[in-house]
Amino acid sequence: MPVTSASRRLDLPIVLRKLSVLRTAEVTPRMRRITLGGEQLGPFSASGFDLPAFTTRGADDYVKLFFPEPGAEPVLPEQHDGHLHWPRKPAPIARAYTIRRFDADAGELDLDFVVHGHGIAGNWARDAKPGDEIHLAGPKVSTIPPEGASWWLLAGDETALPAIGHYLDDARGSSTPLHAFVLVDGPAEEQRELDGVHWVHRRSDADDALVLAEAVRAHSLPDSDGWMWIAGEAGIVRELRAVAKQLGIPKPMLDASGYWRADSGALGRIRALRDRAVESLDHRRHEHVAAAH
Ligand SMILES: Cc1cc2nc3c(=O)[nH]c(=O)nc-3n(C[C@H](O)[C@H](O)[C@H](O)COP(=O)(O)OP(=O)(O)OC[C@H]3O[C@@H](n4cnc5c(N)ncnc54)[C@H](O)[C@@H]3O)c2cc1C
């Protein structure tokens with residue numbers, strides 16, 4: 001089938017919902033799955049409007065979650081008919097998270113959080129327990145991949161994994177070859193149930209973006225019309241855009257999103273080095289304990 005068009009965007013009605021944590025699971029040491037549910041996943045009425053049930057159409061659809069300042073109630077957008085009004089002062093504290101899985105029959109929504117230890121969202125996920133409540137809005141738009149691409153190349157860091165996992169789940173049984181490259185800290189962060197992912201490990205002596213770009217570049221791809229999807233830290237996305245250019249992927253066949261930005265200043269570098277030192281110490285401790293048993 002020839003490639004007919006670029007990705008399509010579908011607008012969805014945006015709705016603010018209040019949901020509860022049903023259960024949590026450690027997918028890997030740094031990735032926590034939070035399953036949300038509640039009556040507001042179905043149709044409901046609020047602010048005088050009849051609001052539709054939660055809907056998601058694309059594998060990288062995301063919601064915005066709202067968090068409070070410590071000890072306060074969260075500042076929320078106001079629900080209007082088909083759109084939200086966002087207050088300015090104070091503005092809501094919102095973070096984007098991908099829908100890893102939605103099961104309308106079971107009334108369950110899975111979000112996978114990187115527990116990175118510095119932010120309001122990552123820390124909320126680290127501490128979340130059944131019964132906790134959270135407001136979320138969206139998804140507002142779905143991206144539907146191009147039809148007829150000869151292959152898909154998906155690449156990013158662990159924040160891209162919920163979308164990549166969702167793409168892999170949706171593509172089961174499809175004849176389109178799918179190549180996925182994900183940058184993670186090490187073997188313990190590999191999600192082994194995701195078949196066919198090329199796991200790329202961070203290195204203490206090399207830049208994350210270059211390590212991932214090098215792995216993608218080294219992979220031979222058939223010389224035909226493919227589609228590339230990229231997401232993750234801004235520097236990684238920039239480097240992978242350059243790889244897409246080298247591969248000759250035309251702009252309409254590339255979907256790229258920066259999901260977060262690493263601190264670029266000295267503080268950020270110190271934090272990153274400290275985190276890696278602590279992690280490698282933890283790893284050595286684990287090995288030591290394992291060897292002792
Ligand atoms: C469309 C979209 C979908 C996304 N989907 C997911 C998802 O499914 N799962 C997911 O985990 N993330 C996802 N993200 C990324 C997530 O929104 C950001 O990582 C967000 O900044 C986390 O918020 P926070 O409050 O924890 O940290 P912030 O308050 O935003 O940042 C605090 C500090 O933490 C650092 N930081 C932020 N994120 C990370 C990280 N991942 N690793 C290391 N340091 C970090 C920042 O550089 C900063 O120094 C998505 C982002 C977008 C735009």
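Answer yes or no as to whether residue 102 is surrounded by 15 or more Cβ atoms within 10 Å (Cβ to Cβ) and either β-branched (Val, Ile, Thr) or closer than 27 Å to residue 144 by Cα (or both).
Against the criterion (surrounded by 15 or more Cβ atoms within 10 Å (Cβ to Cβ) and either β-branched (Val, Ile, Thr) or closer than 27 Å to residue 144 by Cα (or both)), residue 102 qualifies.
Restricting to segment 159-177, name every residue that is more than 12 Å from the chain's Cα centre (by Cα) and surrounded by 18 or more Cβ atoms within 10 Å (Cβ to Cβ).
168, 171
Looking for whichever is modelled with pLDDT of 95 or more and away from the ligand (no atom under 16 Å from the Cβ) here; the options are 29, 52, 74, 13. Which one fits? Quick ask: steps written out before the conclusion?
Details: 29 fails: away from the ligand (no atom under 16 Å from the Cβ); 74 fails: away from the ligand (no atom under 16 Å from the Cβ); 13 fails: modelled with pLDDT of 95 or more.
Only one candidate qualifies: 52.
Search segment 56-71 for residues being buried (at least 17 other Cβ atoms within 10 Å of the Cβ) and within 20 Å of residue 168 (Cβ to Cβ), and hand back the single one that is nearest to the ligand (Cβ to nearest atom).
62
Pull out all pairs, ordered by first then second residue, where Cβ-Cβ is under 6 Å, the residues are six or more apart or on different chains, the first lies in segment 110-122 and is near the ligand (Cβ under 6 Å from one of its atoms), and the second is hydrophobic (A, V, I, L, M, F, W, C) and assigned to a loop (DSSP other than H, G, I, E, B).
122/115
Among the residues in segment 147-158, are any outside any strand (DSSP E or B) and within 16 Å of the chain's Cα centre (by Cα)?
Checked against the condition, which is being outside any strand (DSSP E or B) and within 16 Å of the chain's Cα centre (by Cα), segment 147-158 yields at least one hit.
Residues checked against (1) in a helix (DSSP H, G or I); (2) without any contact (Cβ under 8 Å) to a residue 40 or more places away in the chain; (3) away from the ligand (no atom under 16 Å from the Cβ); (4) within 22 Å of residue 59 (Cβ to Cβ):
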| position | (1), (2), (3), (4) |
| --- | --- |
| 212 | yes, no, no, yes |
| 217 | yes, yes, yes, no |
| 227 | no, no, yes, yes |
| 230 | no, no, no, yes |
| 236 | yes, no, no, yes |
| 239 | yes, yes, yes, no |
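Which residues, counting only those in segment 113-144, are closer than 16 Å to residue 37 by Cβ and part of a strand (DSSP E or B)?
Those that are closer than 16 Å to residue 37 by Cβ and part of a strand (DSSP E or B): 133, 134, 135, 136.
Would you be able to tell me the number of residues in segment 57-99 that are outside any loop (DSSP other than H, G, I, E, B) and either over 19 Å from residue 33 (Cα atoms) or assigned by TED's automatic domain parsing to the domain that holds residue 165 (or both)?
5
Report, ordered by the first and then the second residue, all pairs with beta carbons closer than 6 Å, sequence separation of six or more or different chains, a first member in segment 151-179 that is without any contact (Cβ under 8 Å) to a residue 24 or more places away in the chain, and a second member that is among the hydrophobic types (A, V, I, L, M, F, W, C) and assigned to a strand (DSSP E or B).
Once the first residue is without any contact (Cβ under 8 Å) to a residue 24 or more places away in the chain and sits in segment 151-179, its partners that are among the hydrophobic types (A, V, I, L, M, F, W, C) and assigned to a strand (DSSP E or B) give 171/178.
The values are calculated or read from the model by the stated rules, or taken from the named source; none is laboratory data. Note that this is a predicted model, so its numbers are computed, not measured. For neighbour counting, all protein chains shown are included, and Cβ atoms are generated from backbone atoms with ideal geometry for every residue, glycine included.
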